[in-house]
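The values are calculated or read from the model by the stated rules, or taken from the named source; none is laboratory data. It should be emphasised that the depicted structure is a prediction, and the values quoted were computed from it without experimental measurement. As a convention, Cβ positions derive from the backbone with ideal geometry for all residues, glycine included, and neighbour counts pool all protein chains shown.
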Amino acid sequence: MNTTRRGPRARAFSRSFLGVAAWSAMVTAFAQTPPAPVPAASAWIIGHMSYRGKNKGQHYTLNANVVVPGNPSNPGASAAFAVDDDGKVTAVGQTAYQPTQGLSTVRREFDTPKPPMTGEQGPRYLMVCSWPLDDQRHAAGPVSIGFAERDDTRTKVSKDGTLQESLTMHWVGIPAPRAQAKFAAKDYCGEVARTGKSSAPMWMLPGKS
């Protein structure tokens, strides 16, 4: 029987080759593993202020939504919160029930304390949360949370002389680490999911600044 003894240099080369092969396989495995999907939030405001005529007054609508990964078809509920440049957290609104959770939406119509509304009155960041509901419309699973930041490049104010002006604003989705610490004082989303109410003050109540 023939046996071949490898010298130290050959054994070292073999170990090196195996190490490189193992590292290459690990890198390839990581490269082929896609990142886990995360909730994606966005929002917009559109409204107008009329200074005279039969439509005198103001009216604004906010629509905030979060796309839940997997597009779940079960019923769900949602809520939205805001934080301004001073760090104050306020409740934007909530939806107690919607037939599918996949695209959870919070819609609110409101007036501003001091019309007309300006871009600076819009929150800097939004947190939009969603959770599944059971047949009794109780929270039945984890809360999905997405974050969005105000995009000032898309804020548009249009004026028609002294008659009226309109405003549109947008918030775009951002990675959670950029905003979640600003909402970390308490579990705002969990509170609404458990109790149906929020202890945070309401954003943009008429007559209050």
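Name the residues in segment 150-161 that are surrounded by fewer than 17 Cβ atoms within 10 Å (Cβ to Cβ), touching a residue at least 12 places away in the same chain (Cβ under 8 Å) and out of contact with any His (no Cβ under 6 Å at 6 or more places or on another chain), would you? I'd like the intermediate steps shown before the answer.
If we filter segment 150-161 for residues that are surrounded by fewer than 17 Cβ atoms within 10 Å (Cβ to Cβ), which is where we start, we get 151-161.
Subset that is touching a residue at least 12 places away in the same chain (Cβ under 8 Å): 151-152, 154-157.
Passing the criteria: D152, T155, K156, V157.
Give the number of residues within segment 57-89 that are β-branched (V, I, T) and in contact with a Ser or Thr (Cβ under 9 Å, 6 or more places away or on another chain). Give the derivation first.
At the first step, the residues of segment 57-89 found to be β-branched (V, I, T) are 61, 66-68, 83, 89.
Then drop every residue that is not in contact with a Ser or Thr (Cβ under 9 Å, 6 or more places away or on another chain), which leaves 66-68, 83.
Number satisfying all stated conditions: 4.
What are the residues in segment 96-119 that are in a loop (DSSP other than H, G, I, E, B) and more than 17 Å from the chain's Cα centre (by Cα), if any? Don't jump to the end; show me each part of the working.
Initial filter on segment 96-119 (in a loop (DSSP other than H, G, I, E, B)): 99-102, 111-118.
The answer is P99, T100, D111, T112, P113, K114, P115, P116, M117, T118.
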Sole residue being in contact (Cβ under 8 Å) with a residue 40 or more places away in the chain and either among the hydrophobic types (A, V, I, L, M, F, W, C) or surrounded by 18 or more Cβ atoms within 10 Å (Cβ to Cβ) (or both), chosen from G87, G76: G76
Out of A36, A40, sole residue that is out of contact with any His (no Cβ under 7 Å at 6 or more places or on another chain), within 23 Å of V172 (Cβ to Cβ), among the small types (G, A, S) and loosely packed, with under 13 Cβ neighbours inside 10 Å: A36
Residue within segment 109-117 that is more than 15 Å from Y188 (Cα to Cα), at pLDDT 95 or above and charged (D, E, K, R) present: no
Failed item in (1) β-branched (V, I, T); (2) at pLDDT 95 or above; (3) over 20 Å from the mean Cα position of the chain (by Cα), with T162 passing the rest: (2)
Some residue of segment 50-57 being among the aromatic types (F, W, Y) and either surrounded by 18 or more Cβ atoms within 10 Å (Cβ to Cβ) or at pLDDT 95 or above (or both): no
Subset of segment 38-95 (residues that are under 15 Å from G122 (Cα atoms) and part of a loop (DSSP other than H, G, I, E, B)): D84, D85, D86, G87, K88
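For segment 90-136, which residues satisfy the criterion of being of a type in the set (K, R) and surrounded by fewer than 17 Cβ atoms within 10 Å (Cβ to Cβ)?
In the first step, residues of segment 90-136 are kept if they are of a type in the set (K, R); the result is 107-108, 114, 124.
Answer for segment 90-136, where residues must be of a type in the set (K, R) and surrounded by fewer than 17 Cβ atoms within 10 Å (Cβ to Cβ): R107, K114.
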Single condition S144 does not satisfy, out of (1) surrounded by 14 or more Cβ atoms within 10 Å (Cβ to Cβ); (2) polar (S, T, N, Q); (3) out of contact with any helix residue (DSSP H, G or I) (no Cβ under 7 Å at 6 or more places or on another chain); (4) closer than 24 Å to G119 by Cα: (4)
